[in-house]
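Right, one structure below, let's go through it.
Computed from the coordinates by the stated procedures, all read-outs in this text should not be read as laboratory data. As the structure is a prediction and not an experimental result, all values here were calculated from the model. Here the Cβ positions follow ideal geometry from the backbone for every residue, glycine too, while neighbour counts run over all protein chains shown.
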Amino acid sequence: MTVFRLGEAADLLGVSPDTVRRWIDAGRLPATRDEQGHRAVDGVDLAAFVRDGGAERDGGSSSARNRLRGIVTAVVKDTVMAQVDIQAGPFRVVSLMSREAADELDLRVGSVAVAVIKSTTVVVEKAAVPTTTGRGRGH
């Protein structure tokens, strides 16, 4: 069983540890205490919380579910196209769009933007997850 400390759960969900703490205190997200008395969230409970919409933020009306809010770090335009770089937490997202779209959105370095990702192909890699309980993975 994978167990996450509040900070790890927050990182996975793209929110602050205080937000996770509030969800737990409100009874929206189950948590236990580890051997050191720190609150911990079971991975299965965290997945169910996300799956059931507990961590959703207002995204308007769209079929796209992958939204990464971040800061625009670069905008490169030519006469037809624009490349916009967004740093969304630990993730760098690069978007190619028409110059007209970039101008209409008034995308500038330092502004906040949301990368909305809808794709028919998504490559998924399994990352090593450090355990925080000292019990090792799979227990």
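Return the residue satisfying two criteria in turn: it lies in the range 67-108 and is among the hydrophobic types (A, V, I, L, M, F, W, C) and in contact with a helix residue (DSSP H, G or I) (Cβ under 7 Å, 6 or more places away or on another chain), and of such residues it is surrounded by the fewest Cβ atoms within 10 Å (Cβ to Cβ). Step through it out loud before you land on a result.
At the first step, the residues of the range 67-108 found to be among the hydrophobic types (A, V, I, L, M, F, W, C) are 68, 71-72, 74-76, 80-82, 84, 86, 88, 91, 93-94, 96-97, 101-102, 105, 107.
So of that shortlist, the ones also in contact with a helix residue (DSSP H, G or I) (Cβ under 7 Å, 6 or more places away or on another chain) come out as 75, 80-82, 84.
Working: V75: 16, V80: 8, M81: 14, A82: 19, V84: 24.
By that ranking, first place goes to V80.
Of the residues that sit in the range 1-41 and are of a type in the set (D, E) and crowded, with 16+ Cβ neighbours inside 10 Å, which one is farthest from L68 (Cα to Cα)?
It comes out as E8.
Only helices (runs of 4 or more DSSP H) wholly contained in the range 4-113 count here; list those with 2 or more residues that are over 16 Å from the mean Cα position of the chain (by Cα). If you could, list the steps in order and put the result at the bottom.
Numbers: elements: 6-13, 17-25, 43-51, 99-104.
Hits in the range 4-113: 17-25, 43-51, 99-104.
Restricting attention to the range 1-47, report how many residues are in contact (Cβ under 8 Å) with a residue 60 or more places away in the chain and of a type in the set (G, A, S).
Within the range 1-47, residues that are in contact (Cβ under 8 Å) with a residue 60 or more places away in the chain and of a type in the set (G, A, S) number 2.
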